[in-house]
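There's a structure below that I have some questions on.
The values are calculated or read from the model by the stated rules, or taken from the named source; none is laboratory data. Quantities reported herein were computed from a predicted structural model and do not represent experimental measurements. A quick note on method: Cβ atoms are made from the backbone with ideal geometry, for glycine too, and the neighbour counts reach across all protein chains shown. The protein model used for the area step is the full one, side chains on, heavy atoms only, and it has no ligands, DNA or RNA in it. Shrake-Rupley method; radii C 1.70, N 1.55, O 1.52, S 1.80 Å.
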Amino acid sequence: TGALFAVSEGPKVEEEVEVESFVRYGQLGRTGRFQHILDYARLTVVFPDAASLEVALEEVLRLFDVVEVRNFYQSNTQGLLGNRYVQVHLVLTDRELGRGTHVAELLLRELCYHEA
């Protein structure tokens, strides 16, 4: 089975990007610090169960240029609320609009954790 639905929070507000880049990477100077913002474009995809999430992750790994995968199902990476998901950073190139290449964040979640 596939995804149940996807939720787009939309791109981060410019002010949020400015603050995050300054706090985390301010020492790199005005131009260098923005290259490290990996969650400017974010999409959450929700699945009915772990098996379908795993199949989707395999497809993402096969189809996209994946920079990093973080597994937040592991007990040492969960927050106090037990939030579980897989975070994927992948490279997207916008050839049609000529806006270049950027890294986007894709969150893969099970429905039971999305609703929690």
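Among the residues of segment 36-49, is any within 22 Å of Glu9 (Cβ to Cβ), modelled with pLDDT of 85 or more and not in a strand (DSSP E or B)?
So far as segment 36-49 goes, yes, one or more of its residues are within 22 Å of Glu9 (Cβ to Cβ), modelled with pLDDT of 85 or more and not in a strand (DSSP E or B).
Can you find a residue that is open to solvent by less than 80 Å² (accessible area, probe 1.4 Å), in a helix (DSSP H, G or I), on the phi < 0 side of the Ramachandran plot and at pLDDT below 85 anywhere in segment 94-106?
no
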